[in-house]
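The values are calculated or read from the model by the stated rules, or taken from the named source; none is laboratory data. A quick note: this is a predicted structure, and the numbers were derived from the prediction, not measured. Note: ideal-geometry Cβ built from the backbone for every residue, glycine included; neighbour counts use all protein chains shown.
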Amino acid sequence: MNAPTGEEKLLAALCHASAFFFPILIPLIVYLLKRDSLFVRNHAREALVFHLFMIIAIFLCKLLFIVLIGFLLIVIAAMFYFITTIIAVIRSLSGEEYRYPITGRWIQSL
């Protein structure tokens, strides 16, 4: 496999960084349009599934506000989301593959 180009690294990082703006839309568009780069497609797929997972997790935490444990869980989930996203951006800009801790194994089966 060839080393990823600067454009590919930037697109991969954009997919991960989209957690802060349009977390579903950007990875989906990049995944559908950038078919010629395995590096970018892998990162876009990884980011898309992880963003979906975290949106669902944060929604469930909000539901748990009723029993007050949701306040603690949403802080933990948000910190996890932020930290793993930053790590993914750094790794993709370095040209490395990155698997999110929770969803990485699920994506290999897709």
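For segment 12-22, a residue qualifies if it is touching a Phe, Trp or Tyr at 6+ places or on another chain (Cβ under 9 Å) and crowded, with 19+ Cβ neighbours inside 10 Å, and the qualifying residues are Ala12, Cys15, His16, Ala19. Residue check: Thr84 meets all listed conditions (1) modelled with pLDDT under 90; (2) in contact with a Phe, Trp or Tyr (Cβ under 9 Å, 6 or more places away or on another chain) but one, namely (1).
Across segment 36-63, what is the number of residues that are more than 15 Å from Ala78 (Cβ to Cβ), crowded, with 18+ Cβ neighbours inside 10 Å and of a type in the set (A, V, I, L, M)? Residues flagged as more than 15 Å from Ala78 (Cβ to Cβ), crowded, with 18+ Cβ neighbours inside 10 Å and of a type in the set (A, V, I, L, M) within segment 36-63 amount to 5. Comparison of Ile66, Ile76 shows that the only residue that is exposed (fewer than 14 other Cβ atoms within 10 Å of the Cβ), at pLDDT below 85 and not in a loop (DSSP other than H, G, I, E, B) is Ile66.
Considering only residues in segment 7-59 that are in a helix (DSSP H, G or I), free of Cβ contacts under 8 Å to residues at least 12 places away in the same chain and not acidic (Asp, Glu), the one that is farthest from Tyr100 (Cα to Cα) turns out to be Leu33.
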